[in-house]
Amino acid sequence: MTAGTEYWIRNFVNGGFVEPDEARGFAAVDPATGRVFARVHEADSALVDRAVMSARQAFDGSWGRTPVRDRVALLRRVADRIEARLEEFVAAEVADTGKPVTQARELDVARAVENFRVFADVVAATGQESFITDLPEGRQALNYAVRKPLGVVAVITPWNLPLLLLSWKVAPALACGNAVVVKPSDQTPSTAVLLAEALTEAGLPPGAYNVVHGFGSGSAGGYLTRHPGIDGVTFTGSSATGSHVMSTVAPRVRPVSFELGGKNAAIVFEDADLHEALTGLTKSIFTNTGQVCLCTERVYVQRSVFGDIADGLVGRARALHLSHPADARTTTGPLISQAHRTKVLGYFDQAEKAGADVLVGGGVPELGAELGGGSWVEPTLWTGLTNADAPVREEIFGPVAALIPFDSEEEAVGLANDTEYGLAASVWTNDLRRGHRVAQRMNVGMSWVNAWYLRDLRSPFGGTGLSGIGREGGGSSVHFYTEPTNVCVQL
Ligand code: NAD
């Protein structure tokens, strides 16, 4: 993937790659070095139209009529194909994102494999709802709901965990019998294309999976969400874009599933296992350079242990290894782009102007000539800010958190819930009752006790408020990607 600049990342429509149009190429940039490593073919509206039409034909034709057992068998073969080509997927993900190779291998690609296996299991085990209704004079009615696929689903994904998030949607959508048109982020187009190959090798019929590359409103994303042939939209990305996509889809009243931004809190009580809390907080603040929707950007710490937590986190932030993604020792890669770095550095400035004490970081690291053109920032921790300050209210999406003291449980709950977002929270305590009590009071879709990002893929995933609409995962995904028809039979 890192060979010369003539390498093209192509669109995939109706089972085949589309010859790139030289006039519609944009650069694929390695965020670790700033170098262009490929050109991406931006789909025009005619190509998006072809992709939607071919998805419709696949849905109306063979794929929509494929029995469940064959669909789930195919999903399992896809998982095997990704595993067989693991290092290609890893290399593609690293080239696009600059993330450490170990993370790409152990988190991103491993989860993609798991997504295909878990949703094969979930869909194979999903039954239909039925009710016996008692009627007058001893008669009865049988109600049963037949779940049918939506049809053609638009899948729009961001750049932070490209393959993981794409497969999280594509696997259940296909398992439920839908055909999909996916629009990966313009910044991370590569693994969606490799997935097209894996799906084809596994035997997916032409048109059931299509990839169109490009940007938002005036490009492939906008063409796709406005397209009248789309039966549903599943979107992961920022809250602002989600809101825009919702208004685009609204006139045709199609189902939407939105996994959006977060401003996630952690609460550390004085009775927590501080070592375990520090390990968990370090992961939750700095994993993927803070570019996970679930990452913690607000840490509320009970005053008696505030110093211990602050010192412990500073030590762990200093121990992070920022270096070339291919280096197995690297823990922390660059941000996705120079534009995103400008945004994150803007919050660094705002925090200092608001009176933050910068415990560690706060700038751009010196990493030498090879990585000098990359979009790196230092892992950063602040104290001295309050919930009134923009860096504590707005999603930054970088390796940064504000530490804020609290005195009582009630105060901690109030501070953590004082946000328009509602994605995730983590509570650190050894008091069993308090753990359950506080975790349940978090106004979020996912609340952890003494853990972070511990996922069972059968459990519901999603957020409230600005963090999204609906849930995916396990049966929630089946509910989104299917529509019930209730049949009532008078017996
Ligand atoms: P983004 O909203 O800028 O882009 C997401 C996708 O939408 C991209 O493919 C983009 O090209 C496309 N897009 C942009 N404008 C569009 C439009 N008008 N119509 C159709 N498509 C459009 O988000 P991003 O910067 O790529 O990703 C980071 C954001 O994603 C963060 O806010 C993060 O919290 C969020 N995120 C949420 C979750 C979750 O599960 N809740 C997971 C990962 C990332």
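Taken together, the values in this text are just the output of simple stated rules run on the coordinates, not laboratory data. Here the structure is a predicted model, which means the values were calculated and not measured. No Cβ is skipped: glycine too gets one built from the backbone with ideal geometry, and neighbour counts run over all protein chains shown.
Calculate, for S62 and D407, the FRET efficiency according to 1/(1 + (r/R0)^6) with r their C-beta to C-beta distance and R0 41 Å; round to the nearest 0.05.
Working: r = 64 Å, r/R0 = 1.55.
E between S62 and D407, to the nearest 0.05, is 0.05.
At D357 and R434, where each label point lies 7 Å from the Cα along Cα→Cβ, what is the point-to-point distance in nanometres?
About 2.4 nm separates the two model spin labels.
Holding the Cα-Cα limit at 19 Å, pick out from K148/K169; K99/K353; K99/K283 the pairs that are longer than that. If you can, show how the numbers build up before the last one.
Working: K148/K169 17 Å; K99/K353 31 Å; K99/K283 15 Å.
Exceeds cut-off: K99/K353.
Under the √(5λ) rule applied to the eigenvalues of the Cα gyration tensor, what semi-axes describe the equivalent ellipsoid of the stretch 264-457? Give them in Å, descending. Could you put the intermediate results ahead of the total?
Details: eigenvalues 150, 61, 48 Å².
Result for the stretch 264-457: semi-axes of 27, 18, 15 Å.
Please report, largest first and rounded to whole Å, the three semi-axes of the ellipsoid equivalent to the stretch 163-292, where each semi-axis is the square root of five times an eigenvalue of the C-alpha gyration tensor.
Values: eigenvalues 219, 78, 37 Å².
With the √(5λ) rule applied to the stretch 163-292, the semi-axes are 33, 20, 14 Å.
How big is the chain by the Kirkwood estimate over distinct Cα pairs, in Å?
Values: mean 1/r = 0.0426 Å⁻¹.
Kirkwood hydrodynamic radius for the chain: 23.5 Å.
Work out, step by step, the length gained on full extension between Y144 and K343: first 0.36 nm times the residue separation, then minus their alpha carbon distance; give nm to one decimal. Let's see the in-between values first.
Details: separation 199, 0.36 × 199 = 71.64 nm, distance 5.18 nm.
Length gained between Y144 and K343: 66.5 nm.
Points 7 angstrom from Cα along the Cβ direction at A319 and F17: gap in nanometres?
For the pair A319/F17, the computed spacing is 4.4 nm.
Go ahead and run the numbers for FRET between D311 and R35, Cβ-Cβ distance against an R0 of 41 Å, rounding to 0.05.
Numbers: r = 39 Å, r/R0 = 0.94.
The calculated FRET efficiency here is 0.60.
What is the P(r) of the stretch 370-491, as percent of Cα-Cα pairs per 5 Å bin from 0?
2, 9, 13, 18, 17, 13, 9, 7, 5, 3, 2, 1, 1, 0, 0, 0
Could you run the Karplus curve 6.51 cos²θ - 1.76 cosθ + 1.60 with θ = phi - 60° over the stretch 385-395 and give me ³J(HN,Hα) per residue in whole Hz, x for Gly and Pro?
With the stated coefficients, the stretch 385-395 comes to 9, 10, 5, 7, 8, 4, x, 9, 9, 9, 5 Hz.
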